[in-house]
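**Q** Sending over a structure as structure tokens; questions will come in a sec.
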């Protein structure tokens, strides 16, 4: 379900420094998975920029026909 058009749309969005997401193709929907470790050392403004990036990626995927779930990898205590 992750198409070439979706890939191009996602890669056209500027990625914040030291941040990225994993896009997982689950056949009938896509999952954007965030790594909680990426957020640990970020200052407030960087966190806002990262969340705005995730929102733009989600919108780009949806505009190309995907159903999108956003989730995060939880840190172990």
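**Q** Please work out which one of (1) loosely packed, with under 15 Cβ neighbours inside 10 Å; (2) outside any loop (DSSP other than H, G, I, E, B) is the condition residue 6 fails and give its number.
**A** Against the list (1) loosely packed, with under 15 Cβ neighbours inside 10 Å; (2) outside any loop (DSSP other than H, G, I, E, B), residue 6 comes up short only on (1).
**Q** Taking the options 29, 39, name whichever one is within 17 Å of residue 71 (Cα to Cα), touching a strand residue (DSSP E or B) at 6+ places or on another chain (Cβ under 9 Å), surrounded by fewer than 16 Cβ atoms within 10 Å (Cβ to Cβ) and at pLDDT 95 or above.
**A** From the options 29, 39, the qualifying one is 29.
**Q** Of the residues in the range 14-26, how many are surrounded by fewer than 13 Cβ atoms within 10 Å (Cβ to Cβ) and either at pLDDT 95 or above or not in a loop (DSSP other than H, G, I, E, B) (or both)?
**A** Adding up the residues that qualify gives 3.
The values are calculated or read from the model by the stated rules, or taken from the named source; none is laboratory data. Bear in mind that the values here come from a model prediction, so they are computed numbers and not experimental data. Every residue, glycine among them, receives a Cβ derived from its backbone with ideal geometry; neighbour counts consider all protein chains shown.
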